[in-house]
Amino acid sequence: MERLQKIIAKAGICSRRAAEKLISDGRVKVGGRVVTELGFQAEWPGQKIEVDGKVLAAPEKHVYILINKPRGYISTASDDRGRKTVLDLVPSVKERIYPVGRLDYDTEGLLLLTNDGELMNGLLHPRQEVKKTYIAMVEGELSGEKMDSLRGGVELSDGKTAPAQVLLLPNSRPPLYEVRITIHEGRNRQVRRMFESVGCRVISLRRVRFAALSLKGLECGGKRPLTDEEVMMLYEIAGLEK
């Protein structure tokens, strides 16, 4: 038996906090009866649980796969334009998995795929400030003043960015600079836009770290399952109990 909001989150419908509102609003039924009590416990699978009239399907076995995404793949489960998706990199996986966040079509690197909706929601929630680290090859004049601007936050069309960790790497040969940048926000094309805001252009971009995960030992296009220890670490980072 588990609390109803936890079951809804595990089913990938929404976060636990959002599930509590669904329950309070009378949008959840257990065994055909509307439940509004937040402490209500149910058995799933076992009992019929409905959210907005839709029955929660029996849970699949949770799958956690780390991939090193190449350029030229989109970070969605399908594409109506026929482009390659990250799921094409894991053809043997039968469960319905989804990417945790996105990497641009032209960005490569670390991406987590899973069907654990609760963990996905936890890792993507802004409250957790999950860190993401990229290696960018940048073209232009990248002065110390511009580096300081990136570290302190720059103005974009959707608001000022949070402070970032920015480090110039030894391979830099002006006007090309190799930069390691760590952010915790998840705005669309954020790293590219941050460099554009200081007059630089990103030539290539690779994510090398996400939360507690790294690309160590994983070649471009490669994949591997997460260890139990890694899953537990992600749950802790997401502020969840396994």
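The values are calculated or read from the model by the stated rules, or taken from the named source; none is laboratory data. The model shown is predicted, which means the values in this text are computed figures rather than measured ones. Virtual Cβ from ideal backbone geometry, glycine too; neighbours counted across all protein chains shown.
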Flag if residue 227 is among the polar types (S, T, N, Q) and surrounded by 15 or more Cβ atoms within 10 Å (Cβ to Cβ): no
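When you scan the stretch 127-146, how many residues do you find that are part of a helix (DSSP H, G or I) and touching a residue at least 60 places away in the same chain (Cβ under 8 Å)?
Filtering the stretch 127-146 for residues part of a helix (DSSP H, G or I) gives 127-128, 144-146.
After this cut, where a residue has to be touching a residue at least 60 places away in the same chain (Cβ under 8 Å) as well, the list is 127-128.
Qualifying residue count for the region: 2.
Matching residues to (1) touching a Gly at 6+ places or on another chain (Cβ under 7 Å); (2) without any contact (Cβ under 8 Å) to a residue 60 or more places away in the chain; (3) closer than 23 Å to residue 182 by Cα; (4) in a loop (DSSP other than H, G, I, E, B):
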{"residue": "44", "(1), (2), (3), (4)": "no, yes, no, yes"}
{"residue": "57", "(1), (2), (3), (4)": "no, yes, no, yes"}
{"residue": "61", "(1), (2), (3), (4)": "no, yes, no, yes"}
{"residue": "65", "(1), (2), (3), (4)": "no, no, yes, no"}
{"residue": "68", "(1), (2), (3), (4)": "yes, no, yes, no"}
{"residue": "82", "(1), (2), (3), (4)": "no, yes, no, yes"}
{"residue": "87", "(1), (2), (3), (4)": "no, yes, no, no"}
Qualifying position, being surrounded by 14 or more Cβ atoms within 10 Å (Cβ to Cβ), aliphatic (A, V, I, L, M), modelled with pLDDT of 95 or more and under 20 Å from residue 231 (Cα atoms), among 66, 89: 66
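Has the stretch 169-178 got any residue that is on the phi > 0 side of the Ramachandran plot and part of a loop (DSSP other than H, G, I, E, B)?
Pass one, the stretch 169-178, residues on the phi > 0 side of the Ramachandran plot: none.
No, there is no match, as no residue in the stretch 169-178 is on the phi > 0 side of the Ramachandran plot and part of a loop (DSSP other than H, G, I, E, B).
Scan the stretch 115-129 for residues that are in contact with a His (Cβ under 7 Å, 6 or more places away or on another chain) and either surrounded by 23 or more Cβ atoms within 10 Å (Cβ to Cβ) or within 16 Å of residue 18 (Cα to Cα) (or both) and jot them down. Spell out how you get there, then give the answer.
Within the stretch 115-129, the first condition is being in contact with a His (Cβ under 7 Å, 6 or more places away or on another chain), and the residues that meet it are 115-116, 129.
Once the filter is applied, which keeps residues that are in contact with a His (Cβ under 7 Å, 6 or more places away or on another chain) and either surrounded by 23 or more Cβ atoms within 10 Å (Cβ to Cβ) or within 16 Å of residue 18 (Cα to Cα) (or both), the stretch 115-129 yields only 116.
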Which condition number does residue 50 fail, the rest of (1) assigned to a loop (DSSP other than H, G, I, E, B); (2) of a type outside the set (Lys, Arg); (3) more than 17 Å from the chain's Cα centre (by Cα); (4) surrounded by 13 or more Cβ atoms within 10 Å (Cβ to Cβ) being met? (1)
Would you be able to tell me the number of residues in the stretch 136-153 that are within 27 Å of the chain's Cα centre (by Cα), of a type outside the set (Lys, Arg) and surrounded by 14 or more Cβ atoms within 10 Å (Cβ to Cβ)? 7
So in the stretch 23-34, with the set limited to residues that are out of contact with any Lys or Arg (no Cβ under 9 Å at 6 or more places or on another chain) and buried (at least 18 other Cβ atoms within 10 Å of the Cβ), which one is nearest to residue 48 (Cα to Cα)? 28
Taking residue 45 and the conditions (1) of a type outside the set (Val, Ile, Thr); (2) surrounded by 13 or more Cβ atoms within 10 Å (Cβ to Cβ); (3) not assigned by TED's automatic domain parsing to the domain that holds residue 166, which numbered condition does it fall short on, given that it satisfies the others? (2)
